[in-house]
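The structure appears below as structure tokens.
Throughout, read-outs are computed from the coordinates displayed, never taken from laboratory work. Not measured: the values here are computed from a predicted model. Here the Cβ positions follow ideal geometry from the backbone for every residue, glycine too, while neighbour counts run over all protein chains shown.
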Amino acid sequence: MDGSQQRWVPRSPVVGRLAIDRREFLRKVGIVGVVAGVGVPLLTACDPAEDPGATPENGEAPEGGTGILNIRLVQDIENLDPAFMPATVDDAVMLCVAEGLVGFRPGGTDVVNVLAEEFESSDDGQTHEFQLREGIAFHGDYGEVTAEDVKFSFERIAGLTDPPIESTYRDDWATLEGVEVTGTYTGVIRLSEPFAPLMLTTLPGHAGLVISQAAWEERGEDVATDPIGSGPYEFVEWERGQLILLRRFPDWGEASLEIADEPQWEEIRLRPIADDGAADIAVETGEVDFGLVSHASVDRFTGDDSFEVTQQTTFDYGWVGFNVTDEALADVNVRRAIRLALDVDSMIEAAFEGHTTRAHALVAPDMPIGHWDDAPTYDRDVEAAQALLDEAGVSDLTLEMSIVEEPGSRIIAEIVQQNLAELGITVNINLRERAEMRENLENLQLFYFSFSNSADPSWATVWFTSDQIGEWNFMSWSNEDFDQLHEEALTELDEDERHDMYVRMQEIMDEEAVAAWVMYRTHHYAHSPNLEPSLLTPRYGKYLAWDFRTA
Amino acid sequence: MTLAVVVVVMTFLGVLVHLIPGDPVETVLGPRASPALAERVRAEMGLNDPVPAQVVDFFRGAARGDLGRDFVNNAPVTAIVGSHLPHTVILAFTALAAAALLGIPLGVYAATRPDTLMDRVTSLLSVSFITMPSYVAGLLLLLLFAVMLGWLPATGAGSLSDPGDYLRHLILPATALAITWVGYLARIVRTSMLEVMGANYIRAARALGLRERLIAYRYALKNAVVPTVALLGVSLGDLLGGAVFVELIFSRPGLGSLIVNAIANRNFPIVRGGVLVIALMFVAANLATDLTYRFLDPRVRVEAEAR
């Protein structure tokens, strides 16, 4: 209702002098504002120096390490100290920052010399002499790698310091008596008993990383997020929840050249992106060059020519288990019946979109020893299963299937429910919290769970021994022969003998039907076709970032 | 009243560790931790002390500004929360400012043209915005501007040391958060403006021959803005909480995602410290709103004085 036609006289001296009225002024400011609001982001988006997606290695091969590599981490780092590393991402970072006496070569399980110029083991496996390469520098002016550092690194994890540090990985050095320093660069590792996993997991793994004693003593607890190593990359910066920045260490002693060639990246930027959806987008927009993607996204990336998906079958395993102390499941025939009724192939299809490897036993095919080639395949046979149930004299069972929140678990539980319904077994699915489930193991019946694993089968069999009942032996299964074999295999140095022992252990598990094996966890990494990743399956960290190459 | 709220929240947070099933120490340390280590960590965390003692400890520490140490790498919680807090606060305030800058004029515009086509269109827009949750808006914006058009970055917050880059990372998340509130503010402003516009003093101003836009912005809005301020205060609390979804979608570091991850990892000191900070900010925001109310509306002041 604007009745007045009078122009409003401006009060402000500034506006008055410009001889425009307030309405005009506001209109013009408004236009400028809108233009600026839209234009500025556009302008800056066009600036290649600021565009995070324009990393040099997309399609161009830089000479002499001038590229920046962006990698997605599935979570933020927590503790980079090898004695306490809780997660795979911590090891992925330390793979670039620190080195061990020996290490795994990418693409397999070969172990080669790294910091050790020479490494010799006695026949009884109890003494291991090493001679370090000379002149290998630690980052940050912490001097050279010496035998004292080796002693410090290993003894602290073994619990031999005073006071002991209570390392999570003490078992990796279970039989260490001590490391004797015989010279600046020489020493002897002495074990009280032969320890077979030493060469397969301890020394080439993160528990075998050599850290700087001086740095650790000076930095105290800060090393957890600011570590010092001798590796090709220095830990530069950590922006919590956003970025871990590693930069090429100019004085790298090149101890890892037997593992891989000179790295090409000037910087490696690791970005924690917890949400899979956000991670997919980060890969699509080029903000990360390499990232783990969920099973559901695999087809999308393989179908797109601007991306490639690299698959990695790990040693981690998932299985449907039975609490053998439960009265319904105590009869082995009941367990065999259930195992025979399950349609594992459908589980792989439905729960993992077919993108994972079916497991038939505990030890994965690519493990250096212990894979049971002749493990039986249980294909769904409802009639035979029913026959076994009848033999056990059991009918109208009701069982609870416990699962935790992890990829595929819900669908697997539903398939189990459907499969067993045909046997007249009612299954109730119960989604639980990990911690809560572990507190109530006596009440478990059926469950689906997955464990991570490393390159020595003893780290898998240990969880099924009697000692682990109430801890991680969810089946509450106890078998003397199995326990004994596990103990003996730890000290057996003959590879063939050891292999047979692990096969025998898996045969026992099969005979007693303690598990229906489902899958070996498979990772899928999406990246540009110009990027060649370097996979390191035996290490916790799973890939060797500094060995990624542009094709 | 404010103090009572804070005390209740803190007590609840102190007891939190024991209400939730699952042993936090075992979860944090993982399967290979020895019982000796678990015991030692438990003792260090004070989890073996009686519960009231733990709560009192928490109070005492918080009063000093010490929110404890996190379970995983023993870093001070205050530092951790402090490093994430700025990102959430900046996001919330930017969203709030954007919502106000868009919503208030929209509301005024609609109020000065009641029952016209423009008014109805604006109403439609407002209601659509109100019903769109922040994470849906976030995903749509992400797909359009970051993935399809590539104009803006999709993940992260950028670095505070590079303001231009930080701003670019802020645009999409702030817009996603602001959209709902644009709708609310527009509606509220429109309603209270219409109420005010019918008042006698407005009619007097018109009779004086003042320009309509002057009347709207200078006289009516000033009075209509009072309930809007109340809404802004509430919205700050919602923005701080709703920021979680947006933070997760855009992979921004922030208090929301920090707390969510800490809950999954049973990292209780961080959960406690983070929730406490949010509660304090909420309380402070409401306090500020009350005071602003008093400042803006002389009637409230007079009433209070008369009492």
Checklist entry - Could you give me the ³J(HN,Hα) list for the range A:361-370, computed from phi with Karplus coefficients 6.51, -1.76, 1.60 and θ = phi - 60°, whole Hz, x at Gly and Pro? => result 7, 5, 9, 5, x, 8, 5, x, 9, x
Checklist entry - At 20 °C and 1.002 mPa s, what whole-number value in µm²/s does Stokes-Einstein give for the translational diffusion of the range A:91-199, with Rh from the Kirkwood sum over Cα pairs? => result 145
Item to check | A:Arg504 versus A:Glu327: modelled label distance in nm, points set 7 Å from Cα along the beta carbon direction | outcome: 3.7
Checklist entry - Label A:Ser306 and B:Val121 with points 7 Å out from Cα along Cα→Cβ: what is the distance between them in nm? => result 3.5
Checklist outcome for this item: Partner shielding of B:146-153, as the mean number of partner chain Cβ atoms within 10 Å, equals 5
Item to check | 222 nm mean residue ellipticity, helices alone, for chain A (DSSP H n ≥ 4; -39,500 (n - 2.57); rounded to 500) | outcome: -8500 deg cm²/dmol
Checklist entry - Can you give the relative contact order of the range A:60-207 as a percent, counting alpha carbon pairs under 8 Å and 6+ residues apart? => result 22
Next on the checklist: Going 7 Å from the Cα of B:Ala38 along its beta-carbon direction, which residues of the range A:121-162 have the amide nitrogen within less than 13 Å of the resulting point?
Outcome noted: none
Checklist outcome for this item: Given 20 °C, 1.002 mPa s and a Kirkwood radius over Cα pairs, the Stokes-Einstein diffusion coefficient of the range B:91-151 in µm²/s is 162
Checklist entry - B:His18 label point, 7 Å along Cα→Cβ, cut-off 20 Å on backbone N: hits in the range B:235-278? => result B:266-273, B:276
Checklist entry - How high is the relative contact order of the range B:157-307, in percent, with contacts defined as C-alpha pairs under 8 Å that are six or more residues apart? => result 22
Checklist entry - Among A:292-305, A:188-201, how do they line up from the highest to the lowest mean number of other beta-carbon atoms within 10 Å? => result A:188-201, A:292-305
Next on the checklist: Using the Karplus curve 6.51 cos²θ - 1.76 cosθ + 1.60 with θ = phi - 60°, what ³J(HN,Hα) values do you get for each residue of the range B:148-162, in whole Hz, with x for Gly and Pro?
Outcome noted: 6, 8, x, 7, 10, x, 9, 10, x, 10, x, 10, 5, 6, 10
Checklist entry - Most fluctuating residue of B:Leu102, B:Leu210, B:Leu142 in a GNM of chain B with Cα springs under 10 Å: which is it? => result B:Leu210
Item to check | Kirkwood Rh in Å, taken over all unlike Cα pairs in the range B:91-213 | outcome: 16.2
Checklist outcome for this item: Interchain or sequence-distant (5+) residues whose placed amide H lies within less than 5 Å of the amide H of A:Val518 are A:Gly318, A:Trp319, A:Val320, A:Ala359
Checklist outcome for this item: If B:Thr228, B:Thr78 are placed from fewest to most neighbouring beta carbons inside 10 Å, the sequence is B:Thr78, B:Thr228
Checklist entry - Å³ per residue of the Cα convex hull, for chain B? => result 177
Checklist outcome for this item: Treating every alpha carbon of the range A:441-525 as one equal point scatterer without solvent, the Debye formula yields log10 I(q)/I(0) values at q = 0.26 Å⁻¹ of -1.48
Checklist entry - How many nm separate the modelled label positions at B:Ala79 and A:Leu257, each set 7 Å beyond the Cα in the direction of the Cβ? => result 3.9
Checklist entry - How fast does the range B:191-236 diffuse by Stokes-Einstein, in µm²/s, taking the Kirkwood radius from C-alpha pairs at 25 °C and 0.890 mPa s? => result 221
Item to check | Centre separation in Å (Cα based) which lies between the range B:168-247 and the range B:130-161 | outcome: 25
Checklist entry - Amide H to amide H under 5 Å from A:Tyr543: which residues, 5+ apart in sequence or cross-chain, H placed 1.01 Å off N in plane? => result A:Leu536
Checklist outcome for this item: Checked against the positive end of the charge dipole of the range A:185-279 (+1 on Cβ of Lys and Arg, -1 on Cβ of Asp and Glu, about the Cα centre), the farthest of A:Ser212, A:Pro194, A:Val223 is A:Pro194
Checklist entry - Considering only the protein assembly as shown, what is the antiparallel percent among its DSSP beta bridges, to the nearest 5? => result 75
Checklist entry - Kirkwood hydrodynamic radius (Cα pairs, Å) of the range A:333-461? => result 16.0
Checklist entry - Near the amide H of A:Arg549, under 5 Å away, which other amide H atoms are found, from residues 5 or more places off or on another chain, if H is placed in the peptide plane? => result A:Glu532
Checklist outcome for this item: P(r) over all Cα-Cα pairs of the range A:161-203, 5 Å bins from 0 to the longest distance, whole percent per bin, short to long, reads 6, 18, 25, 24, 20, 8
Checklist outcome for this item: For peptide A:79-86, the mean count of other chain Cβ atoms within 10 Å per residue Cβ is 3
Next on the checklist: Using a 10 Å cut-off around each Cβ of peptide A:382-388, what is the average number of partner chain Cβ atoms that fall inside?
Outcome noted: 0
Next on the checklist: Give me log10 I(q)/I(0) at q = 0.14, 0.18, 0.25 Å⁻¹ for the range A:191-240, Debye formula, one equal scatterer per alpha-carbon, no solvent.
Outcome noted: -0.51, -0.73, -0.99
Item to check | Under Karplus coefficients 6.51, -1.76 and 1.60, residue-wise ³J(HN,Hα) of the range B:74-90 in Hz, glycine/proline x | outcome: 6, 7, x, 4, 4, 5, 5, 4, x, 6, 8, 4, x, 5, 5, 5, 4
Checklist entry - Per residue, what volume in Å³ does the Cα convex hull of the range A:168-275 take up? => result 169
Checklist entry - How much length, in nm to one decimal, is gained on full extension between A:Arg380 and A:Glu495, taken as 0.36 nm per residue of separation minus their Cα-Cα distance? => result 37.9 nm
Checklist entry - Dividing the alpha-carbon Rg of the range A:298-354 by 2.2 N^0.38 Å yields what? => result 1.73
Checklist entry - What is the Cα coordinate range of the protein assembly as shown on the first, second and third principal axes, sorted by size from largest, in whole angstrom? => result 107, 72, 60
Checklist entry - Where q = 0.19 Å⁻¹, what log10 of I(q)/I(0) comes from the Debye formula for the range A:216-354, counting one point per Cα? => result -1.21
Next on the checklist: Given R₀ = 41 Å, what would the calculated FRET efficiency be for A:Glu406 paired with A:Thr426, taking r from the Cβ atoms and rounding to 0.05?
Outcome noted: 0.95
Item to check | Dmax and Rg, reported as Rg then Dmax, of the range B:216-290 (C-alpha, Å) | outcome: 16.3, 54
Next on the checklist: Based only on other Cβ atoms within 10 Å, what is the fewest-to-most ordering of A:Leu446, B:Leu96?
Outcome noted: B:Leu96, A:Leu446
Checklist entry - Going by average Cβ neighbours within 10 Å, how do the peptides A:391-397, B:56-62, B:180-186 rank, with the highest at the top? => result B:180-186, B:56-62, A:391-397
Next on the checklist: Only counting other Cβ atoms within 10 Å, I'd like B:Lys222, A:Lys151 sorted with the fewest neighbours first.
Outcome noted: B:Lys222, A:Lys151
